[in-house]
Amino acid sequence: MFIYKKTDKLILGLICFFISYQAYPDSKKLNSGAFNTYAVSMYSSILDKLLLFKNDRFKVFYGGPVSRNNGQGVKWIMPIIFQDEQYKTRALYDVLFVNCDPENANGAKILFLNVSDANVKFKNLLSEDYKIFHKIISGKYSKNKYIVIRQMDFGMVHYPDIFISSLFSRCCDGDMSTMLQFLNQRFRTERAYKTIFKTKQEDIVLTEDDQRIVYEPILMKTEINNNFYSYYVTKIIIKNDNWKLYYIATKNKNYKNIATDKVLTRLDSGCVSGQIYGDDSCDCAEQLYEALKSMVENVDFSVVIHIPAHDGRGFGTALKAETEIYKIGGIGRVNEVKHPLNTIEASKLLYGQNPYDLRTYDGAATILKTINVKKVLLITDSLSKTNALIKNGIKVTRVRTNSNKPSCIKHLLAKRNSDSYYSE
């Protein structure tokens, strides 16, 4: 694992942390508003330690490894944010080390890539975005080492600073030169870059009011287990919701079809490393695609609600990446781990006695009730998802997932042995 001297630290919310810890010692008793305040103050000091480099409103986070059984493709993710005058993210990039890692990236070529998150995450074979993206991150673009700077249209590096390009993007011409200078000085990469692809995908607003923005559905075609499945994905922004962005996948273009008595449903949490970059250490991608497969094959109305900002159990990509180091063992920015930990152990090591799962599902429940869903067959292993829907007045019959991915058995067993998940 690579190590760098820590840069000067931000003093973020340390006083609030101790006040909040005393005020809200039991996370199970927190209401939504208190929990948000508590969450921000609780880990602000941890977030500061994850910075590899900062220069005013340009911030580079240490990142973490991507485990790939074949050893090829993306090996490390390093998030970069540019902030506005209010220190909110105005532009977000992932720096991807392909066929190399930060320890041996000297001389690596720099490629610039801008693809649609939805097309990539749902593996949309109808889009040029996914075809180009898959070639790049799998390491097939070149056998030599290269670094990809990927401009994001959505992301949450840390809670609650959610970035949505269609609402908040203010990219500047100077962003690229700033990142190139950093990469060259830190890793001795090539000084120039090559633009590989820029998406042509446009988000078309269908309806908007003071509560939400609904976009035109996108037709998707995905290969799952050597079969092809077509469906529609509707992007919705709920303005006052904690997690803001939701993707609603249904067989038909109109997701508001009259619901049947029991609707096959999956509430799917976003996972940047697994669902976008192919990390083999978790089953997040497989659960998403199995749910999509079940949705298309189901004879009645069914729905998959994907919540991208749930990455890292709601903490965001930067903190989740630190736990990925602990899962393989090594030196992170916060802790050194001599032996690999499972996903629960890794999270508890980083957050201590504080909550390690910030996710809530009220927005998903609201979407279900909006389309007249009162009873669901919920595909889940999570007690939290089941309880959240029941709390919102939706009757739930649980359908267990079919997760048995060989490369992450330890990960799955850890979840099943925790208090937040079903044991079988």
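Summary of values
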{"item": "Within straight-line cross-link reach of residue 140, lysines at Cα separation under 24 Å, skipping those fewer than 8 residues along the same chain", "result": "75, 109, 121, 123, 131, 194, 198, 200, 221"}
{"item": "3J(HN,Hα) from dihedral phi, segment 125-133, Karplus parametrisation 6.51/-1.76/1.60, rounded to Hz, x for glycine, proline", "result": "6, 7, 10, 6, 3, 5, 4, 5, 4"}
{"item": "Convex hull of segment 37-91 built on C-alpha atoms - directionally averaged projected area, nm²", "result": "5.3 nm²"}
{"item": "Mean-position separation - Cα centroids, segment 389-406 and segment 87-106, in angstrom", "result": "35 Å"}
{"item": "³J(HN,Hα) computed for each position of segment 215-228 - Karplus, 6.51 cos²θ - 1.76 cosθ + 1.60, integer Hz, glycine/proline x", "result": "9, 4, x, 10, 6, 10, 9, 10, 8, 10, 6, 6, 10, 10"}
{"item": "Environment charge of residue 261, counting only residues whose C-beta is closer than 14 Å and scoring Lys/Arg +1, Asp/Glu -1", "result": "+3"}
{"item": "Where Cα atoms sit under 20 Å apart: lysine pairs in segment 285-384 separated by 8 or more or lying on different chains", "result": "5"}
{"item": "Residue 369-residue 198 pseudo-label distance in nm [points 7 Å out on the Cα-to-Cβ vector]", "result": "4.4 nm"}
{"item": "10 Å binning of all Cα-Cα separations within segment 267-405, expressed as whole percents from 0 upward", "result": "11, 37, 33, 14, 4, 0"}
{"item": "Inter-site label distance for residue 413 and residue 339 at 7 Å from Cα along Cβ, in nm", "result": "1.3 nm"}
{"item": "Highest-first arrangement of 366-379, 155-168, where packing means the average Cβ count within 10 Å", "result": "155-168, 366-379"}
{"item": "Potential lengthening between residue 253 and residue 135 on full extension [0.36 nm per residue; Cα-Cα distance subtracted]", "result": "39.5 nm"}
{"item": "Cα-based shape type of segment 262-335, given that a ≥ b ≥ c are square roots of the gyration tensor eigenvalues and the cut on a/c is 1.5", "result": "prolate"}
{"item": "Stretchable slack from residue 57 to residue 221, in nm (0.36 nm times residue separation minus alpha-carbon distance)", "result": "55.1 nm"}
{"item": "Lys, Arg +1 and Asp, Glu -1 on Cβ, resulting dipole of the chain about Cα centre, debye, nearest 20", "result": "520 debye"}
{"item": "Helix-derived mean residue ellipticity, 222 nm - over the chain, DSSP H n ≥ 4, -39500 (n - 2.57), to 500", "result": "-8500 deg cm²/dmol"}
{"item": "Distance from segment 268-307 to segment 140-179 (C-alpha centre basis), Å", "result": "23 Å"}
{"item": "Convex hull volume of segment 147-278 per residue (C-alpha atoms, cubic angstrom)", "result": "177 Å³"}
{"item": "Formal net charge of residues neighbouring residue 189 (Cβ-Cβ distance under 12 Å; K, R +1; D, E -1)", "result": "+4"}
{"item": "Ratio of the Cα radius of gyration of the chain to 2.2 N^0.38 Å, where N counts its residues", "result": "0.94"}
{"item": "Computed lengthening from residue 168 to residue 72, 0.36 nm per intervening residue step minus Cα-Cα distance", "result": "31.1 nm"}
{"item": "Long-range HN-HN contacts of residue 264 with modeled amide H, under 5 Å", "result": "303, 377"}
{"item": "Sum of side-chain charges, residue 223 neighbourhood, beta-carbon under 11 Å (Lys, Arg +1; Asp, Glu -1)", "result": "+3"}
{"item": "Charge dipole of segment 280-372 about the Cα centre (unit charges at C-beta), most positive-ward option of 316, 295, 306", "result": "316"}
{"item": "Shape category assigned to segment 294-349 from the gyration tensor of Cα positions, a/c cut at 1.5", "result": "prolate"}
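Every number in this text was worked out from the coordinates using simple rules, so none of it is lab data. Predicted, not measured: the structure shown is a model, and the values here were computed from it. Neighbour counts run over all protein chains shown; Cβ positions are idealised from the backbone, glycine included.
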